[in-house]
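Written out below as structure tokens is the structure these notes cover.
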Amino acid sequence: QVQLVESGGGLVQPGGSLRLSCAASRIFFSMYTAGWYRQAPGKQRELVAAMSSGGTTNYADSVKGRFTISRDNAKNTVYLQMNSLKPEDTAVYYCNAHSSWSSVDVWGKGTLVTVSS
């Protein structure tokens, strides 16, 4: 079965860094748009960062300059490097693989990131 599994979440102090990983099974990220979304308590899920199969990236204004999405095709894994973390970054972060052409829209179960002193 197609599966995305996130890892790397946890508790970090403001100003700290974390790297989230999303490992894919039975699909290849090189064929899809990869995305990281997050949902904070009481808020809607929002796009944080995305990367097309061609390498084009897109970031939410709130994370530009602090977060970086990357892809390792050999490992079939997408990463989200998060630096200079703020308390407002606290959320459950979800990995996504999407293709409009093949109607693929796959989600991971999420990993919790808590930024607090």
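In table form, for the structure just shown:
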{"item": "Hits in the stretch 25-68 (condition: in contact with a Ser or Thr (Cβ under 7 Å, 6 or more places away or on another chain) and more than 24 Å from Glu88 (Cβ to Cβ))", "result": "Ser30, Met31, Tyr32, Thr33, Ser52, Ser53"}
{"item": "Pairs with Cβ under 9 Å, 6+ apart, first in the stretch 66-77 and free of Cβ contacts under 8 Å to residues at least 40 places away in the same chain, second part of a strand (DSSP E or B) and among the small types (Gly, Ala, Ser)", "result": "Phe67/Ala49; Thr68/Ala49; Ile69/Ala34; Ile69/Gly35; Ile69/Ala49; Ile69/Ala50"}
{"item": "Criterion violated by Lys64 - all others in (1) within 19 Å of Gly8 (Cα to Cα); (2) surrounded by fewer than 13 Cβ atoms within 10 Å (Cβ to Cβ) satisfied", "result": "(1)"}
{"item": "Test: residue in the stretch 75-93 that is under 17 Å from Val12 (Cβ atoms), of a type in the set (Gly, Ala, Ser) and open to solvent by less than 40 Å² (accessible area, probe 1.4 Å)", "result": "yes"}
{"item": "Which numbered condition Trp101 fails, given (1) at pLDDT 95 or above; (2) closer than 21 Å to Leu4 by Cα", "result": "(1)"}
{"item": "Matching entry among Gly8, Gly42 (being on the phi > 0 side of the Ramachandran plot and surrounded by 13 or more Cβ atoms within 10 Å (Cβ to Cβ))", "result": "Gly8"}
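The values are calculated or read from the model by the stated rules, or taken from the named source; none is laboratory data. The model shown is predicted, which means the values in this text are computed figures rather than measured ones. Neighbour counts are summed over all protein chains in view; Cβ atoms, including those assigned to glycine, are modelled from backbone coordinates with ideal geometry. Only protein heavy atoms, including side chains, enter the accessible area calculation; ligands, DNA and RNA are left aside. Shrake-Rupley method; radii C 1.70, N 1.55, O 1.52, S 1.80 Å.
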